[in-house]
Protein chains: 2
Amino acid sequence: MTIQVFGHKSPDTDSTGSPIIWAWYLNQIKGEAAKPVLLGEPNTEAAFMLRHWELDKPEIISDVSEGAPVVIVDTNNPAELPAGINKADIRGIIDHHKLVGGLETKGPIEIRIEPLACTATIMWKMIGKDLAQAPRGIKGAMLTCILSDTLEFRSPTTTQEDKAVAHALAEELGVSIPDYAARMFAAKSDVSAFSDAELLRMDSKEYTVDGKEFRVSVLETTAPKTVLDRKDSLMAAMVDVAREDGADQVLLFVVDILNEQATLLVPNDLVKTVAEKSFGVTVTGDTVILPGIMSRKKQIIPNLKV
Amino acid sequence: MTIQVFGHKSPDTDSTGSPIIWAWYLNQIKGEAAKPVLLGEPNTEAAFMLRHWELDKPEIISDVSEGAPVVIVDTNNPAELPAGINKADIRGIIDHHKLVGGLETKGPIEIRIEPLACTATIMWKMIGKDLAQAPRGIKGAMLTCILSDTLEFRSPTTTQEDKAVAHALAEELGVSIPDYAARMFAAKSDVSAFSDAELLRMDSKEYTVDGKEFRVSVLETTAPKTVLDRKDSLMAAMVDVAREDGADQVLLFVVDILNEQATLLVPNDLVKTVAEKSFGVTVTGDTVILPGIMSRKKQIIPNLKV
């Protein structure tokens, strides 16, 4: 039976590219039939990666069957995975997030989690010399994943390993990192096709802080103005999204990649309190700038207070 | 703060040796202050390993403090770890068991789980060339862990990697595997000092099968007769151990390492049913021989039926 390789439910670049990389490795190097699949529509940057490197868009699936062999990448959180995940035959997990607990396997399997910025960097280490056999598209996907997750090395999640791997891949591929990253970020910043609710859910994770359930949404962009121009309707949409998703509040951080800061939308007193307690800022209007804040994992979540 | 490295609560050879190996690696290679600790008294084979390779017996601890840095080896099961484990600062997990869920980390950490017979084999791969710097005792502990977990390559959990690593270590150390393993197994088989309840709990894990809670105990020995001579008092002790530990039934499998079979004690009709349904045997007395059964992980647990 073909192994399905997938990331989380809101496929960003790493969750789209890493399944493609790993399925190639399983098929071509390990001789195990595998195919990448997605748990949702890829975001605009991931779609750019697929076009640029002429990679087939993986099939989108909504659940996995009982006993189906799967490899999970870029998450270990059951909430970000299909409902039936613990009835599937989980064959491997490759991830760079904190262990949240909740996934179970029937027997011992290969699990590799490392505190690197990007799943693709871990795969680069695991694949080793065999990567020489990979077509350009696989190496291009790897490079794109790393530049995306590190925001071209600006994110504080960036490690020396992520950087070294990206530079080696770029050199081999003859890609100029600044030019290519600019095209990636332009693609990511083109959010005109998305509704407010879609924007709020695009790159979003739920966290509980002092009993309050937050949907913490991040939009990384080189054009924050195009998002902030929509702030009134985005704040209105937060109420519905929170209710539909069972959260108390949506927090939207608009990350300005080039200026290395985030703007938090402040629709009400709860968010005002969160902003002031968590980031030591004073809020006067319905937005607040958070200098230097780029990473949900490293800077937002660890600091959230109510 | 010194990182405490430990395995599970019933320290067998791998759970005693692997913390020693990894603490050496962290201290000497990674430059991070670390010390091995134990969550209980090592078994007789683990004690033999410590004596034979002149390794200090690690301190025994009963819990970990909040925020204390720890590395967990040879388990990922919170039930086999100190009560405060999820409040500790878990820095790494190296294991070869199925993922059971329940451990959580504050941030992304290094987790390496592989379907190999022994934690020490995974460490051998992770340490790589740096192992050349290890003293004989560290390499000796590695060899002992692998021979123990594979029952000198007899267990069906044994992989080619475990075997290759053990042979390489034995050659480098000038150790004859058959002679050394015989001494290890003789040490493990010397259970005269243990009470019946201690024997039942020595290498024991709890599993729920169809709503029944079983404490599945395994005694690996080259002298099954010395255990089976005590079967009446062992069966009597099962009642108390099950009650004290909140289990419905203790199952004791006496694994005869040299003859590659297990004897299951059959104190009542429940265990008779379990034996017949799980292993396709016919039970006539208060013990039954299960030919070829050596591994709880691979052969006992996956087959248990009520």
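The values are calculated or read from the model by the stated rules, or taken from the named source; none is laboratory data. These figures come from a predicted structure and were not determined experimentally. We place every Cβ from the backbone using ideal geometry, glycine too, and count neighbours over all the protein chains shown. We work out accessible area using only protein heavy atoms, side chains counted, and drop any ligands, DNA or RNA first. Shrake-Rupley method; radii C 1.70, N 1.55, O 1.52, S 1.80 Å.
B:D286 label point (Cα plus 7 Å toward Cβ) to equivalent points in the other copies: 8.0 nm, shortest first. For the pair A and B, the buried accessible area comes to roughly 1700 Å² in total, with a 1.4 Å probe and the value rounded to the nearest 100. Rg/Rh for the protein assembly as shown stands at 1.02; both radii use Cα atoms, and Rh follows the Kirkwood definition. A 1.4 Å probe run over the protein assembly as shown, with the rest of the protein chains in place, finds 40 Å² accessible per residue. Name the shape class, rounded, prolate or oblate, that the alpha-carbon gyration tensor gives for the stretch B:174-213, where a ≥ b ≥ c are the square roots of its eigenvalues, rounded holds for a/c under 1.5, and otherwise prolate holds if a/b is larger than b/c and oblate otherwise. Oblate. The longest stretch of chain B left intact once loop-based GluC sites (Glu not before Pro) with at most 13 other Cβ atoms within 10 Å are removed from consideration, loops following DSSP, is B:67-306. For the stretch B:1-68, the square roots a ≥ b ≥ c of the C-alpha gyration tensor eigenvalues yield an a/c of 1.5 or more together with a/b not exceeding b/c, which makes the shape oblate. Heavy-atom accessible surface of A:V165, to the nearest 10 Å², is about 10 Å², with a 1.4 Å probe and all protein chains retained.
Would you please classify the overall shape of the stretch A:79-230 from the alpha carbon gyration tensor, given that a ≥ b ≥ c denote the square roots of the eigenvalues, rounded means a/c under 1.5, and beyond that prolate means a/b larger than b/c while oblate covers the rest?
Oblate, because a/c is 1.5 or more while a/b does not exceed b/c.
Annotation for B:I61, label-to-label distances across the other copies: 4.2 nm (shortest first, one decimal, point 7 Å from Cα along Cα→Cβ).
Solvent exposure of A:W24, expressed as accessible area, is near 30 Å², computed with a probe of 1.4 Å over the protein chains only.
Just the number, please: carbon plus sulfur as a percent of the accessible area of chain B, 1.4 Å probe, no ligands or DNA/RNA counted. That fraction is 48 percent. Contact-buried residues of the stretch B:63-100, at a threshold of 30 Å² lost accessible area versus the chain by itself: B:K98, B:L99 (1.4 Å probe; DNA, RNA and ligands ignored).
Each listed q (0.08 Å⁻¹) maps to a log10 I(q)/I(0) for the stretch B:3-187, found by the Debye formula over equal Cα scatterers with no solvent: -0.22.
For the pairs B:K9/B:K298; B:K98/B:K188; A:K129/B:K35; B:K225/B:K272; B:K35/B:K129, flag any whose C-alpha to C-alpha distance is greater than 28 Å. Too far apart for the 28 Å limit: A:K129/B:K35. Relative to the longest principal axis of the C-alpha atoms of chain A, give the angle of the C-alpha long axis of helix A:136-149, reported between 0 and 90° and rounded to the nearest 10°. Taking the Cα atoms of chain A, the angle to A:136-149 is about 30 degrees.
The order of B:D74, B:D286 by accessible area, most exposed first and with a 1.4 Å probe, is B:D286, B:D74. Secondary structure note: in the protein assembly as shown, about 40% of the DSSP beta bridges are antiparallel. Copy-to-copy label distances for B:K212, where each label lies 7 Å from Cα along Cα-to-Cβ, are 5.1 nm in order of increasing length.
If the elastic network links every pair of Cα atoms under 10 Å, which of A:T208, A:T44, A:T150 fluctuates the most in the Gaussian network model of chain A? Highest fluctuation among the options: A:T208.
When DSSP beta bridges are restricted to pairs lying wholly in chain B, around 40% turn out antiparallel. Chain B comes nearest to the axis taking it onto chain A at the Cβ of one residue; that residue and its distance, in whole Å, are B:G101, 2.
Rounded to the nearest 10 degrees, the inclination of helix B:13-24 to the longest alpha-carbon principal axis of chain B is 10 degrees.
How much of the DSSP bridge set in the stretch B:196-303 is antiparallel, in percent, rounded to the nearest 5?
If I count the DSSP bridges inside the stretch B:196-303, around 65 percent turn out antiparallel.
Protein-only accessible surface at a 1.4 angstrom probe places the residues B:L228, A:L39 in the order B:L228, A:L39, largest first.
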